[in-house]
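Okay, structure first, notes after.
The numbers here are math on the coordinates, done by the rules we state, and not lab data. Small disclaimer: the values here were computed from a predicted structure and weren't measured. With ideal geometry, Cβ positions are generated from the backbone for all residues, glycine too; neighbour counts draw on all protein chains shown.
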């Protein structure tokens, strides 16, 4: 089995964060090729980056998406906030923790989800209000009318 080149992915992510003025960076490659391992390794080396997995269940509900982001930011408060409070709290945590980028793995779970446009609108708002970039990884890109534009860098890694 041939795996992705970790150094190439890390170099691409670093260039995206340091150089590009884009909001979204997609890493697309087949399953079981090492994407998640490389991304988790990258996060271990970066204080200003956090990692989250977007489960298929969370991708179906706005509140679960917000709770997943909160958990990735280190806040495990559970279900005590309403959606609006969760979103406000996400912005506060990102600012307080100095988060400049968030890696969201398994982005393909948004394919077919009624929440995909809400999700990317949320990410756009967070990017604008909190000056954060998003590295999105998965086996495929969800269809996103109007969101994959000049704001986006897409890297498809061939195996």
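Over the residues of region 1-99, compute the C-alpha Rg and express it relative to 2.2 N^0.38 Å. Intermediate values should be presented prior to the final figure.
Details: Rg = 15.2 Å, N = 99, 2.2 N^0.38 = 12.6 Å.
The value comes to 1.21.
Counting other C-beta atoms within 10 Å, which of 33, 8 has the fewest, and how do the rest follow?
On the way: 33 16, 8 12.
Fewest-to-most ranking of 33, 8: 8, 33.
Which of 71, 82, 50 has the fewest other C-beta atoms within 10 Å, and how do the rest follow up to the most? Could the numbers behind the result be given before it?
Working: 71 16, 82 11, 50 22.
The most exposed by this proxy come first: 82, 71, 50.
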